[in-house]
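Have a look at the structure below before the remarks.
The values are calculated or read from the model by the stated rules, or taken from the named source; none is laboratory data. Treat the numbers as computed from the prediction; the structure is a model and nothing was measured. Glycine also receives a Cβ, built like all others from the backbone with ideal geometry; neighbour counts cover every protein chain displayed.
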Amino acid sequence: MTAGWDVIVVGLGGMGSAGAAHLASRGLRVLGLEQFQGAHDRGSSHGNSRIIRQAYFENPAYVPLLRRSYELYGDLNADDPGIFVQTGGLMMGSAGSAAVAGSLASAREWDLPHRMLDAGDIRRHFPTFTPTEDTVALYEERGGFVRPERTVLAHLRRATREGADLRSHQRVSGWSADRHGVTVTTADETFRADRLVLTPGAWAPDLLADLHPPLRVERQLLFWFQPVSGVGPFALGRAPIFIWESPSGQQLYGFPAIDGPGGGVKVAFYRNGRPADPDRLDRDIHSDEVEQMRRHLAGTVPALAGGTFLRGRACMYTCTPDLDFVIGTHPRHENVVVSAGFSGHGFKFVPVVGEIIADLACRGSTEHPIDLFAVDRFGGDGSAS
């Protein structure tokens, strides 16, 4: 058995890498365990881009966390320029859609700069889109994207620089905790520390089994298309990130052409996945899945619908029933911090979640507003309590 650490972090994806960096920066002896390698493509922190925005249609309660996350991403960007890029963001749909009405509610509650556009405005300013006459949009200049793999690597570098011991290819098979500390077991070794942070991503249902979390792991797909006439109209500085909600409630999201002339344009459906086993995820992109996306793009972004399909990637969402996160101290173990269930919209919060993890591990509380994410808000039968 190996001892000598103040805290063990299990899982070094987006949240775990940030947690390890913040913990190490506070002078703690940190051991990080990752079942794959740093910035891998086996979980939920890959795909080269993630949307970031502040006029948050999911819930205005997230806005204070987003403001802090923007500050922390700005700090990362100083070390690695381009890790965080503001392009402007367009939330489109009917006036009553969640994407538009929810974004507007957050913008008004928190006095966030924004502009409302009608269908004519959208066509005039963003001619790659073909909105119907009843389509409106909220435009947020602060919208943009972050680079997930580079974010993870930046946090891993910071953690290592501050003395953290980060180990790849260490799959955790079990853990236990008592008032004397925590024990973490892998196939090869057993480790002891004072505290434990669990950031297991799609493997949360297994490692948090004692909490009976009602988490649903879903397979999600990312698509890259080369536009019919090239990426010029989609270039950085001309095109925004966007989320476009259809009358059925399906949300399409996409990015500018951030990877140069041959890199295409990335689009995806938001929460359109099917249940998945993270150890047996189907990583192939099938022709019917590409055609489903083409059909949707034909009525929204036709230059992509008629373009060449370049590539696709599969990743995973780990969703809670209410689609809010699970962050807090374990209800039965005050020396165990849980961070899971980010439900497909967590990566924009990575740096501030790392700060929250460090707060909870160091002193058992945080000044950040996390009541919405209570670990014990679900009953043991998997229903909201």
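Name the one entry in V336, V290 that is outside the structural domain of S17 (by TED's automatic domain parsing) and either under 14 Å from the mean Cα position of the chain (by Cα) or not acidic (D, E) (or both).
V290
Return yes when T308 is closer than 15 Å to G201 by Cα and either touching a Gly at 6+ places or on another chain (Cβ under 6 Å) or of a type outside the set (K, R) (or both) and no when it is not.
Against the criterion (closer than 15 Å to G201 by Cα and either touching a Gly at 6+ places or on another chain (Cβ under 6 Å) or of a type outside the set (K, R) (or both)), T308 does not qualify.
What residue, among those in the stretch 268-287 that are closer than 20 Å to Q251 by Cβ and not charged (D, E, K, R), is farthest from the chain's Cα centre (by Cα)?
I285
Which members of the stretch 20-62 meet the condition of being assigned by TED's automatic domain parsing to the domain that holds I285, over 30 Å from G263 (Cβ atoms) and surrounded by fewer than 20 Cβ atoms within 10 Å (Cβ to Cβ)?
N59, P60, A61
I need the full set of residues from the stretch 101-125 which are within 26 Å of the chain's Cα centre (by Cα), assigned to a loop (DSSP other than H, G, I, E, B) and not aliphatic (A, V, I, L, M), in order please.
W110, D111, P113, H114
From the list R283, R295, exactly one residue is modelled with pLDDT of 95 or more, in the same structural domain as L222 (by TED's automatic domain parsing), outside any strand (DSSP E or B) and under 24 Å from A119 (Cα atoms). Which is it?
From the options R283, R295, the qualifying one is R295.
Could you tell me whether the stretch 43-51 includes any residue that is more than 14 Å from the chain's Cα centre (by Cα) and of a type in the set (V, I, T)?
Within the stretch 43-51, not a single residue is more than 14 Å from the chain's Cα centre (by Cα) and of a type in the set (V, I, T).
This table checks each residue for (1) part of a loop (DSSP other than H, G, I, E, B); (2) surrounded by fewer than 22 Cβ atoms within 10 Å (Cβ to Cβ); (3) within 25 Å of the chain's Cα centre (by Cα).
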position: Y139; (1), (2), (3): no, no, yes
position: H155; (1), (2), (3): no, no, yes
position: R158; (1), (2), (3): no, yes, yes
position: D194; (1), (2), (3): no, yes, no
position: D206; (1), (2), (3): no, yes, yes
position: P214; (1), (2), (3): yes, yes, yes
position: E218; (1), (2), (3): no, yes, yes
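Can you find even one residue in the stretch 235-250 that is among the β-branched types (V, I, T), buried (at least 20 other Cβ atoms within 10 Å of the Cβ) and out of contact with any Phe, Trp or Tyr (no Cβ under 8 Å at 6 or more places or on another chain)?
No.
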